[in-house]
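Q: The structure under discussion is supplied below as C-alpha cells; questions concerning it will follow.
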Amino acid sequence: MRLSIRHSTKYRFAEPVVHALQRLRLTPKETQGQKILEWNMELENASIELEYDDQHFNTSTLVAVDSGATEVVMSFEGLVDSE
C-alpha cells in the first residue's frame, strides 16, 4: 500500500523567542515492511541543528528556533510504501 503523508505544526509565541530547541521524531523509519520513497521537511523561522538515529533507530532531528521569531511553521510530507 502506498501512503501519502502530510503533517504541519505551527507555533505562535506571545514574545519573540530568545532561544529554543525542539527534538522531532517525524521522519518515517524504513523497516522490513516499509520503504520511504520520498520525504521532505520544510521549516520557517527555524533550522536543523543535528540529525541522528536514537536508540530505537528512529531519525531524530534537533531544530533551533530563530532568535526573534514570533511564529514557527514546520511542514513534512512524503510517500511511503508499506506491505
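The values are calculated or read from the model by the stated rules, or taken from the named source; none is laboratory data. Since this is a predicted model, take the numbers as computed values, not measurements. Counting neighbours? That spans all protein chains shown, and the Cβs are built from the backbone with ideal geometry, glycine included. Side chains included, ligands, DNA and RNA excluded: accessible areas come from the protein's heavy atoms. Shrake-Rupley method; radii C 1.70, N 1.55, O 1.52, S 1.80 Å.
Q: Report, as a whole number in µm² per second, the diffusion coefficient that Stokes-Einstein gives for the chain at 37 °C and 0.692 mPa s using the Kirkwood radius over alpha carbon pairs. List each step's numbers first, then the result.
A: Details: Rh = 13.9 Å.
The Stokes-Einstein estimate is 235 µm²/s.
Q: Given a 1.4 Å probe, how much area per residue of the chain is accessible, in Å²?
A: It amounts to 71 Å² per residue over the chain.
Q: Sort 56, 7 from largest to smallest accessible area, using a 1.4 Å probe on the heavy atoms of the protein chains.
A: Result of the area sort, largest leading: 56, 7.
Q: Ok, one more. If you roll a 1.4 angstrom probe over the protein chains with everything in place, what fraction of the accessible area of the chain belongs to carbon and sulfur, to the nearest %?
A: 47 percent
Q: What percent do you get for the relative contact order of the chain when only Cα pairs under 8 Å and 6+ apart count?
A: Worked out over the chain, it gives 51 percent.
Q: Turning to a different aspect of this structure: What list of ³J(HN,Hα) couplings, whole Hz, do you get for the stretch 69-83 from phi and the Karplus terms 6.51, -1.76, 1.60, once you set θ to phi - 60° and write x for glycine and proline?
A: 5, 10, 8, 10, 10, 10, 10, 9, 7, x, 10, 10, 9, 10, 8
Q: Compute the signed sum of charges (Lys and Arg +1, Asp and Glu -1) over the other residues within less than 12 Å, Cβ to Cβ, of residue 76. Before the final figure, lay out each step's value.
A: Details: positive: 6, 25; negative: 38, 42, 77.
That sum, taken over residues with Cβ under 12 Å, equals -1.
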